[in-house]
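Peer 1: Below you will find the structure I want to go over with you.
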Amino acid sequence: MVPVQRHFLVASDFDQTLSFNDSGLVLSELLGAHGFQEKVEGLARSNLVQQGGELAYLLRHDPEFRGVRREHLVETGRRVRLRHNIRALVEFLHRGLEGCRFSFFVISAAPREVIQSALAGIVEPAHVFGTELDYDDESGEVRSIKRVPAGYGKVAVLEELETRLGIAPDRTIYIGDGNSDVHVMLHVNNRAGYTIAVSENTQLARIARRTVLSDDAFSVTVPILEDVLGRGVGEIRTLFESNGLTLAQWDKARTDRVTVGDTRAPILGGEGNALGLALADDDEAVA
């Protein structure tokens, strides 16, 4: 009898989850625009737009961003600094494990062109959901906004994917870093899914099932393997090694502190070779 294969949806935010910085900040530097962070904070205080959708608003309403064209967004993606080992994470999820398979998607309020450019050759373009823009046929500049996956918009995309893939809500795993992920994390948790925060954001710390602090994208496999799949430390260590990585240290406590080393040959200009990782258990996050 063939065992039933469990199918999981793994969805991740982009800015500061798979990258080190906000793509809006990178775009503003490319354009020579000033005060991007102050503008975002002002929009957040005014509650004028959903958290995460500030860049989309600026693209239509701020004079310094009104001339943005598709090529600006593609170049921004090329300049975004990514977290280490995203390719290893995506390839691991694509291969799956015995009895488990994963479908990986990126859901972000960042412009879709930015994300697709940044993750070119790593994540299939069709697996990227970002802000969808319409461009003027003559000038090539952004003319309108079709869709912004921010706030409830992320929930809508997640539910669409669950329906399309036939995945139950309790098999959904969401990874995020900031206030714009609060709504979708609450939604996933309320439907018995699993959530991982990758920052010390105080709001997320009270919501996410686990918190992972690392420069390495592959680190999120630790709570997935341990909590979702019930794998032991030895199995997790073996899996890391099979992917060219090492779990050099993992002191189990209220906060897990893990050191990850790369056993592969270093590549100039590529991903890092060593990093530190800390995971906060659920009781730590809620305390």
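The values are calculated or read from the model by the stated rules, or taken from the named source; none is laboratory data. Please read all numbers here as calculations on a predicted model, not as lab measurements. Because the Cβ atoms are built from the backbone with ideal geometry, glycine has one as well, and the counts that use them run over all protein chains shown.
Peer 1: For region 126-142, which residues satisfy the criterion of being in a strand (DSSP E or B) and surrounded by fewer than 14 Cβ atoms within 10 Å (Cβ to Cβ)?
Peer 2: Matches in region 126-142: Asp134 only.
Peer 1: Spot the failing condition for Leu73; the list is (1) surrounded by fewer than 15 Cβ atoms within 10 Å (Cβ to Cβ); (2) closer than 22 Å to Ser144 by Cα, and only one is missed.
Peer 2: That leaves (1) as the condition not met.
Peer 1: Got a sec? Which helices (runs of 4 or more DSSP H) wholly within region 1-97 have at least 3 residues that are at pLDDT 95 or above?
Peer 2: 23-31, 70-79, 86-95
Peer 1: Go through Ser139, Ser108, Ser144 for me and flag whichever is in contact with a strand residue (DSSP E or B) (Cβ under 6 Å, 6 or more places away or on another chain), among the polar types (S, T, N, Q) and more than 28 Å from Glu200 (Cβ to Cβ).
Peer 2: One residue alone meets the criteria, Ser144.
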